[in-house]
Every structure is written in C-alpha cells, then in structure tokens.
Amino acid sequence: MEKHILTKLQNLRDEDLVSFHVPGHKMGKIYDKLGYKNILEEIYTLDTTEIDGTDNLHNAKEIIKDSQDRTAKIFNSNKTIYLVNGTTCGVQAAIMATCNPKSKIIVNRDCHQSVINACILGDLKPVYIQTKVCQNTNIIKGVAVEDVIEIIDNNLDSKALILTYPTYYGSTYDLKTICEYAHSKNMIVIIDEAHGAHLELSDKLPKSAIIEGADIIIQSTHKTLPAFTQASMLHIKGNRVDEKRILSMLRFLESSSPSYLLLNSLELAVDIYEKHGKNLMEDLLNIIDEFKSKFINRENILIHNEMDKTKIFISLKDLGITGYDLDEILRRDYKIQVELSNYYGVLLICTIGNDKEDFNRLEKALEDLLSKINKKDILEDTNYPKNLPTKVLNPRDAFYSDKKTVKIEDSIGKISGEYIIPYPPGISLISPGEIITQEIITYIQQGIKSGMIISGIKDTSLKYIAIIDKN
Ligand SMILES: Cc1ncc(COP(=O)(O)O)c(C=O)c1O
C-alpha cells in the first residue's frame, strides 16, 4: 500500500520539531505528558457513526448533549455546540442564521475568509470596518471602538456584526463597550474567537468574548487548546439568538456523519482544560516571561507580545532579515516551526502543550543567530495597505459575474474577480467585487518577492488576475 501522507507525517514527527504552531496539543506532547496516551491509542477502535447509543451531533439528546452541556458550564455559556468542521463552519452558520439574504452585516476588514464566503453563500452585504495595523511590524491590531460605533450608527439597518477577537497576533480591544452599544441598537454580536479558546485560563490574559457580552462566540479549540485539527466549538450566550436556526445551518455546512474521533478529542480537551488548564497556563506564562527577559534591551532583536501573551512576535528586521527568511532559517537550521511569518517577523503560538524545553531550544537558536548573523542592510519598509478598497459589487454578485483574465498592471482600477489572500493569516486584501488598487498590488508584489505566499487567486505569482468587466 502506498502511504505517502502517513510516511511524510511520520517523518515529520521523527524530525523532533519544536512546535510553536497549531494544533495546540503540540504533536501530541500534552497527551503523553498528562497520561492520555492509552485513551488515544484505543480511540481508533471507537470510530463509529450514528447508531443506537451514540447520539447524533445534529440532533443531540444523549451523550453528545450531556457532553456539550458540561462544557457549556465550564466555558460559562448558555449553550455549547461541538463543531467538526472548524471555526469556519461555526462562523458561517452564525452569520447565515442571524442575517437574511440581502441584509447588511458589519464586518472587520481583517476578517477570516470564511466570513466573506458566508456573505457569498448567504447573499449578504458586508459593511467593512478598517483594522489598525502597526506600521513597524505589520501586526494586525483589530478595530478601534470609535470606528465600530460610527459604523453602527451609519448602518442601523444591519442585523449583526462580526468581529475577530483576539486577532491572530493576540491583540484585543474593548469588546464590552462594543457589545453594549450594538445591543442598544438591536444588533447581534458574533465573535470569531478562533484564536482565543484558552483566554479564561488566566486572569493575566484578556477576557473571553463569552464574558465580554457577545451573543455567539466561535472558538478553534484545536488551535489554542489540545483538540484535534478541525475540532471547534460554538457558544451561545444570552437570549438574542435563535439556536434552532444555527443548528439548521450547521446541518447544511457540516457532514451528516460527524467524526466521533473529533468529538472525543473535544471532550478530552475540555477534560484537560478543567483539570490542568489553569496550572499549565500559569507555568506557560512564567516560562514566556522568563524567556522574554533574556532578550530585553538586546540589540537587533524584538520580542513582542500583544495583550494575549501566549502569542509571541519575533523580529530580526534590524539585522536585515525578513520574517519569511527567519521562518525558513528556524525550521531548516534549528527544527523550530513557527505559526506564520510576515515581512517583519514571525509569530509563535504557544499553548499549554509547550514546555520549558521548547523555549530553551528557541532561546539557544536565537542566541546562535544573533551571534552569527552580520548586519545586512536595514530592511526597506513595506507598509500594510492603509486604504480599504472600494466595494462595487457585493461578494455574491461578484462571485457569479463573468470574468476575464488580464495582466496585473492592467488591472488597477478594475473590479477584482478573485481574492488575494496572503496565507497565513488568510485575511483577504482584495475580495471579488472590489476595486484593485496600486497600493495593494505594490504591497503584495513586494511581499511575494521576499517570500509571502498568496492564495485565493489562480495565478499565485500575481502576474495575472481575473477581473469583472462591467464597462
Ligand atoms: C481569525 C480566524 N477565524 C477563523 C479561522 C478558521 O478556523 P478553523 O481552522 O477552525 O476553521 C481562522 C483560521 O486560521 C482564523 O485565523
């Protein structure tokens, strides 16, 4: 039997990589450490489907309902629904369950692509809020409360608003004020908390959207807690939301045979969260503080946290090294895998699955790099685009319009027929239906030259792009 995927994964595992990326169980390390190995070893014999006694995720009444109810108590929600198709399907179900076709929804511009895809599926009109970006690091910092309030005031006919909180980089903002204001205008607040399932494990971390007053909160349990990839949760808080509609949408968006391996892994993650989570998080935050203290006031290196201290941004831009290069060097020469890179630096996702040894290896690698690398030219600045592209067509109309392919230099001022999404983080800079601008194309072309990967577009070298020809 050919075993290409398996063989490759086994080889990767045997490489002894340090994982500062998702999934949060860190290549199974946390399961071994906490004694869950035996359970996992028998899990393959428990793979099943909806038969007598196994309940049904899409109409949970027995074991799955009980498990979800226990989790709801632990996560402080009124209702928790397990997801087997990631936060992607939870975001889409939440949006389409709260908004009817043709209605407006307020969206942070740096949203995950699943939000725009939901606007295509549900025929919605997104109204974008610009996000703040740090010009020295290109760290995406999230929305400003005053901008959200202004957009709400100008779009009182919106049914809902959806925001990413925290951002991929761990930035947060005053969500409580936003929720109160949106509720005073009868809007439902949906929070894409893909990167924040761990927040309630410590008072030193920002508060979860569940506590800050959001109505629907979707978390990628697999990213920042120890669950298998694709295993996420949707939490409902309060009584503004029609739970039945969310469940109906999930039936459209998820498999009719949800994986029991994934459901089991969610239950395992919750068990670890409840029994060990706070202690492990305290240890992790101490290790991170200690690690950072070694590099404080050191020349040529920036080690930075936003509000969520489990996300670490490292930049060697003062040595003339791009984040894309640093990403490659750490993996190739030190067997350290980061989560993502941008032009200025790399982002590490640390979870309760990481231990002191991981940070020792990271510290050694950085010390070695600092001692070896001679200062090259300072990196030329490449600033994240400041201006939102103008939306001419709603995403669904754009998606279904006829398109033609043109050279990228002939596309400026035309309506894009494709996405341009630097991946990761999977945030679209141009979406179908928006006017292509020189500012955005220059930013992406510079990025590609230095190692940025883009998706959402057929020609990923960005020489050609599909446009919508509307004369
Ligand atoms: C902000 C954000 N939302 C949603 C998602 C989708 O999450 P999932 O991979 O659980 O489907 C991601 C994935 O990277 C993300 O970064």
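The values are calculated or read from the model by the stated rules, or taken from the named source; none is laboratory data. Please read all numbers here as calculations on a predicted model, not as lab measurements. All accessible areas refer to the heavy atoms of the entire protein, side chains included, with ligands and DNA or RNA removed. Shrake-Rupley method; radii C 1.70, N 1.55, O 1.52, S 1.80 Å.
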For this session: Would you work out the relative contact order for region 265-367, in percent, from Cα pairs under 8 angstrom that are 6 or more residues apart?
Result: 24
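Would you calculate a helix-derived [θ] at 222 nm for the chain, using -39,500 (n - 2.57) for each DSSP H run of n ≥ 4 and dividing by the full residue count, to the nearest 500?
Taking each H run of at least 4 residues, the total per residue is -11500 deg cm²/dmol.
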Problem set entry | Cross-link partners of K61 among lysines (Cα-Cα below 19 Å; sequence separation of 8 or more within a chain) | K73, K79, K244
Exercise. Amide H of Y464: which non-local residues (sequence gap of 5 or more, or other chain) have their own amide H closer than 5 Å, using H built in the peptide plane?
Worked result: I408
Exercise. Tell me, what % of the accessible area of the chain is carbon and sulfur with a 1.4 angstrom probe?
Worked result: 49
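With a cut-off of 8 Å between alpha carbons and a minimum separation of six or more residues, what is the relative contact order of region 43-273 in percent?
Working: 456 pairs, mean separation 57.7, N = 231.
Computed value for region 43-273: 25 percent relative contact order.
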For this session: Mind grabbing the base-10 log of I(q)/I(0) for region 395-468 at q = 0.21, 0.25 Å⁻¹? Debye formula, identical points on the C-alpha positions, no solvent, two decimal places.
Result: -0.84, -1.19
Seminar exercise, completed: Length-normalised contact order of the chain, Cα under 8 Å, at least 6 apart, in percent, tallies to 17
Exercise. Counting only heavy atoms of protein chains, what accessible area per residue, in Å², does region 340-471 have with a probe of 1.4 Å?
Worked result: 48
Exercise. Cα centroid distance between region 293-346 and region 164-227, in Å?
Worked result: 26
Exercise. How far is the Cα center of region 369-399 from the Cα center of region 1-56, in Å?
Worked result: 36
